[in-house]
Structure formats: C-alpha cells, structure tokens
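The values are calculated or read from the model by the stated rules, or taken from the named source; none is laboratory data. What you see is a predicted model, and the numbers here were worked out from it, not measured in a lab. Cβ: placed from backbone, ideal geometry, glycine included. Neighbour counts: every protein chain shown.
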Amino acid sequence: MRAPVLAVCLSLLWAAATAAQTLSISSSSFAPGGAIPAKFTCDAGPGAPNPALTFAGAPPKTQSLVLIMDDPDVPKTLLPSGEFTHWMVWDLAPDATGIAEGEGKGGISGLGRPGYMGPCPTDRAHRYFFKLFALDTKIGPIKTRTELNKAIEGHVLQQAQVMGTYERVKK
C-alpha cells in the first residue's frame, strides 16, 4: 500500500511544481484602482517619470514581455477610438521583474515619441491601464500600437493588468 500512496504524493508534488504560473503586474506608486500621484502626470511638467511597476509569474515558455499603458476614457470628440496609448514597451526580458520609477526610457507613446507619457485628462477622471503580456516570441522593431497589436496576436501566453486613475487639479 505504501508504493501507491508514495506515487500519488510524488505525482501531486510534481504537478504543483510544474503548474502554470500566473502573470502579475503591480505598482508601489499607486494602489490598484487608486489615484496615480500627480508627479507621474503632465501636471508635473514635461518629462514626468513613470511609476514603479513590478512584474512576476511569467510562464515558463515566455520569450518576451510587452507593457502597454492606455487610457480608454478619451472623449470621442478628441479621438474617435476613445483610447489613447501612453506607453508601449516590448521585447522586455522574460525574467524582468519590473521597471523602476523614472526608468521608462524605452518604448514609445501613442504620439510616436520615445518613452513614457504621463496621464493628462482634459475633462474628468480617467482610468489608466498598465497591461503586461507574456509572449511566446520576440517582437522586433515596431512604430505604432496597430503594429504592436498585430505582432502580439496569437502569441500571448498570459496577460495581467493594474489600473490607476487620474483627474487633473482644477486651477
């Protein structure tokens, strides 16, 4: 009777050890669903730093990570899609553990400018989603969100997100 019990125990231990990890993204700069501090926004002036982001749990077959920060609350009178991309970073190492505050020099914004572009809502509080994708491939050079979306299509192993909000102070 001991051999079958031992086999079952070993099987359960192996399954637990090889179970798929769950990708996660978080920030020490703001709570999930909480307000993004003004120091990370256009209200801090040009060149505002990105908030700190922490990544964990990339699945074993991950070849690269992609980070996209977007705002889905843009008035359609300003942008017909209603969504603006603030930051895209791709081909991050699969074992990357995050991006430190102010270290978001890589990638581009939706305007095609290099690096992070902080929140700057014109009308009311907006939501800002930091989306992390674990891919089974690397992307290579891209110039637009459309190109990035096409490049990751069919290659996403897992994805995670954290959302923060921001409303400009009325002066």
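Filtering LEU65, LEU92, LEU79 for residues that are among the aliphatic types (A, V, I, L, M) and surrounded by fewer than 16 Cβ atoms within 10 Å (Cβ to Cβ) leaves a single hit, LEU79. The residues of the range 139-165 that are crowded, with 18+ Cβ neighbours inside 10 Å and under 17 Å from GLY115 (Cα atoms), listed by number, are ILE142, ARG145, LEU148.
Counting the residues of the range 149-171 that are more than 14 Å from ILE68 (Cβ to Cβ), among the β-branched types (Val, Ile, Thr) and touching a strand residue (DSSP E or B) at 6+ places or on another chain (Cβ under 9 Å) gives 1. Scanning the range 121-171 for residues that are in a loop (DSSP other than H, G, I, E, B), out of contact with any Leu (no Cβ under 6 Å at 6 or more places or on another chain) and either free of Cβ contacts under 8 Å to residues at least 40 places away in the same chain or among the small types (Gly, Ala, Ser) (or both) yields ALA125, GLY140, PRO141, LYS143, THR144, GLU153, GLY154, LYS170, LYS171. Put simply, of LEU53, LEU65, LEU23, LEU79 the only residue that is modelled with pLDDT under 95 and at negative phi is LEU79.
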